[in-house]
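*Asks:* Before anything else, here's the structure in question.
Coordinate-derived values only; no laboratory data. Quick caveat, the model's predicted, so the values are computed rather than measured. Quick reminder, even Gly has a Cβ in these numbers, built from the backbone with ideal geometry, and neighbours come from all protein chains shown.
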Amino acid sequence: MTPPSVAQTVVTGPSRTPAPRRDAWRRAWRSLTKAVWPLLAIVVLLIITVAAFAGPAIAPKDPNRQNIINRLQPPMQVDRAGVVQHYLGTDALGRDVLSRLIYGARVSLLVGFTAVFIGGALGVVLGMTAGFVGGRIDAFIMRLADIQLAFPFILLAIMFLVVLGSGVLNLVLILGIGQWVTYARIARAQTMSQREKEYVEAALALGARRASVLFKTILPNILAPLIVIASFNVASVILAEAALSFLGLGVPPTVPTWGGMLAESRDQLLAGRWWLAVYPGVAIMLTVLAFNILGDWLRDFLDPRLRGVD
Amino acid sequence: MAIRSLVIALALGLSLAFQAFAQAPDANTLVVAQSVDASKLDPADTGSRPEANIAAHLWGTLVQTTSDGDIVPYFAETWTTNDTGTEITFRMVPGLQCHDGEPLTAIDAAYSFNRAKDPELAFTGNTPGFIFASLGFVEARADSDLDVTIVMEQRNPIALGLIGEVFIHCMDSYMAMSKDEAADNPVGSGPYRFIEWIKDDRIVLERVADYPFAVEGAFERIVWRVIPEASTRAAELMDGNVDIVANVSPDQAATIDASGRATVQAVAGTRRIYVGFNLRDEFAASHDNPIAIEAINNVLVRRAMNHAVDVETICTQLLGTDCERATGLVNPPNDPPDLEPYAFDPEGAERLLDEAGYPRGADGVRFSIRLQSPNNRYLNDANVALAVGQYLSDVGVQTDVDLLDFSSVYVPLIIGGNMAGPLFLLGSGGATWNALYDMADLSRVDAGTNYTGWDNPDWFSGWDRIAATTDEAEQRVIVNEMLQVFYDDAPWLMMYFQPDFYGVSTRIDWDARRDEKVIVTDATLR
């Protein structure tokens, strides 16, 4: 699933009078309760977030503890004492699939949010600078963006990870750097439209510094479309992490990740060990779906033209 | 109407294209799937087993080793050894020729040996890297059109077996090519001629008409396909698109057997899988964990680690077969009869570690260490390495397993600079026809295959004693003494001889060999 293009994003502006914060939250809650899917998406994401943060407390086993005698046990298999030891079964080394799934959520969310934060921060700063200053700086930053867009991202990521080596930090960095262009282009377009507005001219006339105008005056007014993009972007970054881990270029194989679990399941699928692929696959699908639904809702919610339209 | 025609044409084109990719082989064609492609097809520079498998069909050798370990004539019909045992003269079969029509004589045979040693060409493959080092090769000379003599530094009891791995090729064709040209344009001398090579996809060979050693009923064409994924190889086998698949995952054996289109042949292989202790000074100087280095240089720790790992369970669970743990580097039945494999004894391992001066700390850890392993090179290697790591951690040796890509990272690390470790998992090809062949990995301290850098003089002085006698019984006594030294000093964490699983289509008759060689000249259609 790809993030929406610039054309799909909603342009908001300072022309509307900002509602008091409490009203906004109340309106958001009303909108969420009216539309069931975004609420479900939030519930799913909350569950995954809790699982990620409370992993050690709620995981039934050590995710890396092997027991090769008990390898490839199907889900809900009872032992001699009539007790289910592994609710979602075990993998090829006898590790508990449920525990690995719970710990895998950590990596997916960590990589997803951190990479989007890095890409967003970099993109917004560069995009706003380009849009506000214009001229050669604008041209230079935008040509950089064009060059990066000319490379297929996954190929670029593979190239960097082969050179730098795999690992969470490198993965987050490359995924983050890969996202900046999207934010930069939106931030630039928004800044260009805002800098001609009277409230910006007034701030400059009152002697405010350019950096202050840029980040204190303009930024709050262009945040809405960026937040929408970020919500979609988290989903695509999680998918990219899964793809890179599947290719063996993500985090080290000893760290449980959903993509890595999928990769390990390859050789077992022909033999009918479906649980090794289905559970991490469903986890990835649910997370990505939830972020996308949430992104759709945010886009509609923050669009003044759709206000009051269900 | 035009759009409809276009759609139909597109559909037809696509169906033909897919047919071309997934077509079942005809009655004259045998398709073999291997996990990796050849990197070069130069007879003097073959390296990996998949490469050597293809080369064995393109080029002949002076003698051959059968799957039972017997040495039989091939390009050479007879041979004699001089009194000191340093020269073996081979009388070649008259009338041989290479695939380009050039007559193949003793001059070409001598050239084949000498070319592999040419310092200007700087080959690093099996012939210069292992065969010549183990053989003590000095030179080859043509005494006449039919007589070629191989000169060695000293008598070598396994010389014939080693010489039988050197591919014979024609001088004129190879003199006319540069090293790079020769790597891609093989001119063969064996039962099959080269037709085409689509990199990372397939190599196609065609049977040579009137080949003097041809087997009746052999296939007209052999297609060597590259299919990296084990599950894809299995699926292609069960779909009938492939006849022989190497490196079948044991977890897929039951599914393949149940398909009715193929069966899995399991053979007790000869590849020695072990965890090496990197004992080299240059590695120790550069490694950032001096406690681990100090520990593995202590023989008590090495023995303790041998006791800590349950190799039998690893075999049963991860390799899908029972196996007997190795006592050293020699394959059965040539291993010493009096040696018992290290027993799985975690309590004993803990006692030895205490005795060596590495008690458990407050966190239960004695010391930490890194185990590096290739990923997808040997049967289930990554999982085996992870399991070894777990067993070692269980006795307090906190082991971090580092899984590395074989070709791009592991090979340069271990063969390029012997810098893998402190623990490294490795497999080394072996044989069943003579203990000395397996022991030749440690033929000298600086041998390319002595990856641990082990330098125990009690072992290495044994080679001169073996060369000094022609009495096989006396040699065997020395061999057993050397293997006892190896067992006691434990430069390897001894694991197992890798079982091999081959998927074989039910439409052909073919038997897998123990030595990992996929030789299909005798494969026939049922």
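*Asks:* Work out which helices of chain A, taken as complete DSSP H runs, extend at least 18 Å along their axis over the Cα atoms and score a mean Kyte-Doolittle of 1.0 or more, then list them.
*Replies:* A:36-53, A:97-133, A:219-246, A:275-302
*Asks:* I'd like the antiparallel share, as a percent to the nearest 5, of DSSP beta bridges with both residues in region B:367-517.
*Replies:* 0
*Asks:* Would you mind telling me which residue in A:Asp267, A:Asp138, A:Asp79 has the biggest mean-square fluctuation in a Gaussian network model of chain A, where springs connect alpha carbons within a distance under 10 angstrom?
*Replies:* The residue with the greatest mean-square fluctuation here is A:Asp79.
*Asks:* Other chains near B:395-402: what is the mean number of their Cβ atoms within 10 Å of each residue's Cβ?
*Replies:* Neighbouring Cβ atoms belonging to other protein chains average 1 per residue here.
*Asks:* Let me ask something else. At 222 nm, what value in deg cm²/dmol follows for the protein assembly as shown if DSSP H runs of at least 4 each add -39500 (n - 2.57) and the sum is divided by all its residues, to the nearest 500?
*Replies:* My calculation for the protein assembly as shown gives -13500 deg cm²/dmol from helical runs alone.
*Asks:* In straight Cα distance, which aspartates and glutamates are under 12 Å from B:Lys517, not counting same-chain residues fewer than 8 positions off?
*Replies:* B:Glu51, B:Glu165, B:Asp500
*Asks:* Placing +1 on the Cβ of each Lys and Arg and -1 on the Cβ of each Asp and Glu in chain B, which of B:Ile163, B:Ala230, B:Pro359 has its Cα farthest towards the positive end of the resulting dipole?
*Replies:* Projecting each Cα onto the dipole axis, the largest value belongs to B:Ala230.
*Asks:* Just to check, using Stokes-Einstein with a Kirkwood Rh over alpha carbon pairs, what's the diffusion coefficient of chain A at 4 °C and 1.567 mPa s in µm²/s?
*Replies:* After rounding, the answer is 60 µm²/s.
*Asks:* At a 10 Å Cβ-Cβ cut-off, how would you order A:Phe151, B:Phe130, fewest neighbours first?
*Replies:* Lowest count first: A:Phe151, B:Phe130.
*Asks:* Sticking with this structure for a sec: With bins 20 Å wide starting at 0, give me the P(r) of the protein assembly as shown over every alpha carbon pair, in whole percents.
*Replies:* 13, 37, 31, 15, 3, 0
*Asks:* Please figure out what share of the DSSP beta bridges in the protein assembly as shown is antiparallel and state it in percent, rounded to the nearest 5.
*Replies:* Taking every DSSP beta bridge within the protein assembly as shown, about 75 percent pair in antiparallel fashion.
*Asks:* Using packing as a proxy for protection, rank A:32-41, B:450-459 so that the peptide with the highest average count of other Cβ atoms within 10 Å comes first.
*Replies:* B:450-459, A:32-41
*Asks:* Same structure again: How do B:Asp118, B:Asp68, B:Asp288 rank when sorted from fewest to most other Cβ atoms within 10 Å of their own Cβ?
*Replies:* Lowest to highest Cβ neighbour count: B:Asp288, B:Asp68, B:Asp118.
*Asks:* Okay, next question. Over all distinct Cα pairs, what is the inverse of the mean 1/r for region B:259-398, reported as the Kirkwood hydrodynamic radius in Å?
*Replies:* 16.7
*Asks:* Across 10 Å bins from 0, what is the distribution of all Cα-Cα pair distances for region B:356-496, in whole percents?
*Replies:* Once binned at 10 Å, the Cα pair distances of region B:356-496 give 10, 33, 31, 19, 5, 0.
*Asks:* Next question, about the same structure. Give me the orientation-averaged projected area of the Cα convex hull of region A:75-198, in nm², one decimal.
*Replies:* 11.5
*Asks:* For chain A, modelled as a GNM with alpha-carbon contacts under 10 angstrom, which of A:Arg80, A:Arg26, A:Arg95 fluctuates the most?
*Replies:* Of A:Arg80, A:Arg26, A:Arg95, the Gaussian network model singles out A:Arg80 as fluctuating most.
*Asks:* Of A:Val168, A:Val83, A:Val124, which has the largest mean-square fluctuation in a 10 Å C-alpha GNM of chain A?
*Replies:* Maximum fluctuation in the GNM of chain A, among the listed residues, is at A:Val83.
*Asks:* Which whole number gives the average, over all residues in A:265-272, of C-beta atoms from other chains lying within 10 Å of the residue C-beta?
*Replies:* 6
*Asks:* A further question follows. Under a straight-distance cross-link criterion of Cα-Cα below 18 Å, which aspartates and glutamates are reachable from A:Lys216, leaving out those fewer than 8 residues away in the same chain?
*Replies:* Result set, ordered by chain and number: A:Glu196, A:Glu198, A:Glu201.
*Asks:* Another one. Tell me the volume per residue, in Å³, of the convex hull enclosing the alpha carbons of region A:51-125.
*Replies:* 93
*Asks:* Setting aside same-chain residues fewer than 8 positions from B:Lys117, which lysines have a Cα under 20 Å from its Cα?
*Replies:* B:Lys40, B:Lys179
*Asks:* Continuing with this model, one more query. Per residue of B:250-258, how many C-beta atoms from partner chains lie within 10 Å of its own C-beta, taken as a mean?
*Replies:* Going residue by residue through B:250-258 and averaging, the value is 3.
*Asks:* Specify whether the C-alpha gyration tensor of region A:201-296 places it in the rounded, prolate or oblate class, a ≥ b ≥ c being the square roots of the eigenvalues: rounded for a/c under 1.5, otherwise prolate if a/b is larger than b/c and oblate if not.
*Replies:* It comes out prolate by the Cα gyration axes.
*Asks:* Next question. Where the convex hull is taken over the Cα atoms of chain B, what is its projected area averaged over directions, in nm²?
*Replies:* Result: a mean projected hull area of 28.9 nm².
*Asks:* Please state the relative contact order of chain A as a whole percent: Cα pairs under 8 Å, 6+ residues apart?
*Replies:* 25
*Asks:* Still on this model: Quick check: residue separation of B:Asn298 and B:Asp184 times 0.36 nm, minus the Cα distance between them. What number comes out in nm?
*Replies:* Here the answer is 36.3 nm.
*Asks:* Okay, next question. Tell me, what is a quarter of the convex hull surface for the C-alpha atoms of region B:200-308, in nm² with one decimal?
*Replies:* One quarter of the hull surface, i.e. the mean projection, equals 12.9 nm².
*Asks:* Please report A:Trp180, B:Trp433 as a ranked list, fewest other C-beta atoms within 10 angstrom at the top and most at the bottom.
*Replies:* So the ranking, lowest neighbour count to highest, is B:Trp433, A:Trp180.
*Asks:* Among A:207-215, A:170-178, B:289-297, B:326-334, what's the highest-first ranking by average C-beta atoms within 10 angstrom per residue?
*Replies:* A:170-178, B:326-334, B:289-297, A:207-215
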